[in-house]
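Engineer: Can you keep this structure in mind? I'll have questions shortly.
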Amino acid sequence: MMEEQVILVDKNDKPIGKIGKLEAHQKGLLHRAISVFIFNSKGEMLLQKRALHKYHTPGLWSNSACSHPRNNEIIKLAAERRLKEEMGINCDLYFAFSFLYKADFDNGLIENELDHVYIGFSDQTPKPNPLEVGDYRFINSSDLAEEIKEKPHNFT
């Protein structure tokens, strides 16, 4: 199976090429990404704990789903696809904002993304894909803020 590719972009999200996902993270090249945040009817956010075999940030708590759109894939549809693939949830997603994000990891990889953020609302019980997700939970914003303050190393 060929390695999944990411879409290289400039700071205005104009595609400028494609490259293997791992190579993009080894070289720290700017690429398009998606992040999904799901909230239940109590206003709690769905977090996932990344599977332990993931090549970066394994075992850390993260947003509901995240990934990279495929070549010629509509960004919103990529977000919906990854939410289904990672958490087994189908729901309407709404574009919130985009931002540039860069982070260096202990293993030498570099995340350099133009991230498109989507939010959705669902009370479905997640059915996480064990290849992607080690655990999940819902948490309210004040408890999440407190946990991140006390144990930032547990979060992406």
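The values are calculated or read from the model by the stated rules, or taken from the named source; none is laboratory data. Note that the coordinates shown come from a computational prediction; the quantities given were computed from them, not determined experimentally. Neighbour counts run over all protein chains shown; Cβ positions are idealised from the backbone, glycine included. Ligands, DNA and RNA are excluded from the accessible area calculation, which covers all protein heavy atoms including side chains. Shrake-Rupley method; radii C 1.70, N 1.55, O 1.52, S 1.80 Å.
Engineer: With θ set to phi - 60°, apply the Karplus curve 6.51 cos²θ - 1.76 cosθ + 1.60 along region 4-11 and write out the HN-Hα couplings as whole Hz, x wherever there is a Gly or Pro.
Structural biologist: For region 4-11, the Karplus-derived couplings read 4, 9, 10, 9, 6, 9, 8, 5 Hz, x marking Gly and Pro.
Engineer: While we're on this one: Among bridges DSSP assigns within the chain, what percent are antiparallel (round to 5)? Mind dumping the intermediate values first?
Structural biologist: Details: 29 of 39 bridges.
The antiparallel fraction comes to roughly 75 percent.
Engineer: Is region 1-80 best put as rounded, prolate or oblate by its Cα gyration tensor, with a ≥ b ≥ c the root eigenvalues, rounded for a/c under 1.5, and otherwise prolate when a/b is larger than b/c, oblate when not? Walk me through the numbers on the way to the answer.
Structural biologist: On the way: a/c = 2.27, a/b = 1.45, b/c = 1.56.
Oblate shape, in that a/c is at least 1.5 and b/c is the bigger or equal ratio.
Engineer: Sticking with this structure for a sec: How much length is gained if the chain between residue 44 and residue 140 is pulled fully straight, taking 0.36 nm per residue apart and subtracting their Cα-Cα distance, in nm to one decimal?
Structural biologist: 34.1 nm
Engineer: If we sort 135-144, 43-52 on the protection proxy, mean other Cβ atoms within 10 Å, highest first, what's the order?
Structural biologist: On the way: 135-144: 13.1, 43-52: 17.8.
So the peptides 135-144, 43-52, ranked by packing, come out 43-52, 135-144.
Engineer: Is the shape of the chain best called rounded, prolate or oblate, per the rule: a/c under 1.5 gives rounded, else a/b larger than b/c gives prolate, else oblate, with a ≥ b ≥ c the square roots of the Cα gyration tensor eigenvalues?
Structural biologist: Values: a/c = 1.62, a/b = 1.33, b/c = 1.22.
Taking the square roots of the gyration eigenvalues as a ≥ b ≥ c, the chain is prolate.
Engineer: Still on this structure: Helix 75-87 sits at what angle to the longest principal axis of the chain, using alpha carbons and giving 0 to 90 degrees rounded to 10?
Structural biologist: The helix 75-87 is inclined about 50 degrees to the chain.
Engineer: How many percent of the accessible area of the chain is carbon or sulfur, using a 1.4 Å probe? Can you show the working numbers first?
Structural biologist: Working: 4720 of 8690 Å².
Carbon and sulfur: 54 percent of the exposed surface of the chain.
Engineer: Further question on the same structure: In degrees from 0 to 90, rounded to the nearest 10, what is the angle of the helix 141-150 Cα long axis to the longest principal axis of the chain?
Structural biologist: With rounding to tens, the tilt is 70 degrees.
Engineer: Pop the C-beta distance of residue 21 and residue 96 into the FRET formula with R0 = 22 Å and round what comes out to the nearest 0.05. Write down the numbers at each step before the final one.
Structural biologist: Working: r = 24 Å, r/R0 = 1.09.
It comes to 0.40.
Engineer: Also, I was wondering about something else. Show me the ranking of peptides 13-21, 111-119 by mean Cβ neighbours inside 10 Å, starting with the highest. Don't skip to the answer; put the middle values down first.
Structural biologist: Values: 13-21: 12.9, 111-119: 20.1.
Result, highest mean Cβ count within 10 Å first: 111-119, 13-21.
Engineer: If you filter region 1-99 for chymotrypsin sites (Phe, Trp or Tyr not before Pro), then keep DSSP loop positions with at most 15 other Cβ within 10 Å, what is left? If you can, show how the numbers build up before the last one.
Structural biologist: Values: sites: 37, 39, 55, 61, 94, 95, 97, 99; in loops: 55.
Hits after loop and neighbour filter: 55.
Engineer: Can you give the accessible area per residue of the chain, in Å², using a 1.4 Å probe? Please report the intermediate quantities before stating the final value.
Structural biologist: Details: 8690 Å² over 156 residues.
Per residue, the chain has 56 Å² of solvent-accessible surface.
Engineer: In whole Hz, what ³J(HN,Hα) sequence does region 91-102 give by Karplus (6.51, -1.76, 1.60; θ = phi - 60°), x for Gly and Pro?
Structural biologist: Once θ is set to phi - 60°, the couplings for region 91-102 become 7, 5, 10, 10, 5, 9, 5, 10, 7, 8, 9, 9 Hz.
Engineer: Same structure again: Along the Cα-to-C-beta direction of residue 156, a point sits 7 Å from the Cα; which residues of region 92-126 have their amide N less than 14 Å from that point?
Structural biologist: Residues passing the 14 Å test: 101-105, 110-118.
Engineer: Could you give me the ³J(HN,Hα) list for region 116-122, computed from phi with Karplus coefficients 6.51, -1.76, 1.60 and θ = phi - 60°, whole Hz, x at Gly and Pro?
Structural biologist: These are the phi-based 3J(HN,Hα) values: 9, 9, 10, 10, x, 10, 7 Hz.
Engineer: Please compute the length gained on full extension between residue 148 and residue 13, using 0.36 nm multiplied by the number of residues separating them and subtracting their Cα-Cα distance. Walk me through the numbers on the way to the answer.
Structural biologist: Values: separation 135, 0.36 × 135 = 48.60 nm, distance 3.00 nm.
Extending this stretch completely gives an extra 45.6 nm.
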